[in-house]
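Coordinate-derived values only; no laboratory data. As the structure is a computational prediction, the values presented were derived from the model and not from experiment. Every residue, glycine as well, gets a Cβ built from its backbone with ideal geometry; the counts of neighbours run over all protein chains shown.
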Amino acid sequence: MKKNFIKLIIISSVILFSYNFAYSADIDAGKKAFAKCKACHSIKEGGKQKIGPNLWGIFGNDIASVKGMKYSKALKRYAEEAGTWQEDNLNKWLENPKGLIRKTKMVFPGLKKAEDRDNIIAYIKSMGN
Ligand code: HEC
């Protein structure tokens with residue numbers, strides 16, 4: 001009886017663990033996937049501006065507020081209504097930038113895989129938050 005109970009505990013922990021493992025966003029994978037953004041964005045603290053703004057601390061921050069960056073009018077207008085970058089709008093933005101903000105000057109087709117977006121968002125969160 002006791003043995004069975006212990007077995008049950010072990011089995012359920014393994015299931016729980018693999019469930020978490022399979023479904024949690026992965027910062028390391030996000031870092032790798034961020035290679036697609038690197039042509040235009042740095043993400044280190046104090047990193048320089050490229051074609052796009054440095055993304056250090058961007059999660060939860062005001063949209064279009066990185067100093068020195070010349071944003072499109074479209075993104076600035078969006079900033080007035082949406083305020084900050086959160087899970088939800090960042091996810092839509094990365095899936096299809098022009099779908100969220102038609103006249104943005106971020107020329108990027110978007111990440112079609114939800115997993116890639118989740119991982120990149122986890123990575124962005126880990127950089128400056
Ligand atoms: C070809 C260059 C380019 C690529 C590739 C690119 N971006 Fe951008 N990104 C920009 C530009 C330019 C802007 C400013 C857009 C505007 O002003 O409309 C921007 C804006 C952003 C913003 C909003 C910043 C703010 O200050 O509010 C985020 C977040 C962002 N990009 C994330 C990403 C991520 C993550 C990737 C990779 C999946 C990526 N970008 C790929 C050029 C790029």
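What to note about this one:
- Partner lysines for LYS36 [C-alpha distance under 19 Å; skip if fewer than 8 residues away on the same chain]: LYS44, LYS48, LYS50, LYS92, LYS98, LYS105, LYS112, LYS113, LYS125
- Charge dipole of the chain about the Cα centre (unit charges at C-beta), most positive-ward option of ASN54, ALA122, ILE27: ASN54
- Helical runs (DSSP H, four residues minimum) scored at -39500 (n - 2.57) apiece and divided by the length of the chain put the mean residue ellipticity at 222 nm at -15000 deg cm²/dmol.
- Angle of helix 73-82 to the longest C-alpha principal axis of the chain, folded into 0 to 90 degrees and rounded to 10: 50°.
- Set of aspartates and glutamates near LYS73 by C-alpha distance (under 17 Å), chain-local residues within fewer than 8 positions excluded: ASP62, GLU81
- log10 of Debye I(q)/I(0), alpha-carbon scatterers only, for region 25-126 at 0.12 Å⁻¹: -0.34
- Charged-residue dipole, Cβ positions (Lys, Arg, Asp, Glu), the chain about Cα centre, Debye nearest 20: 440 debye
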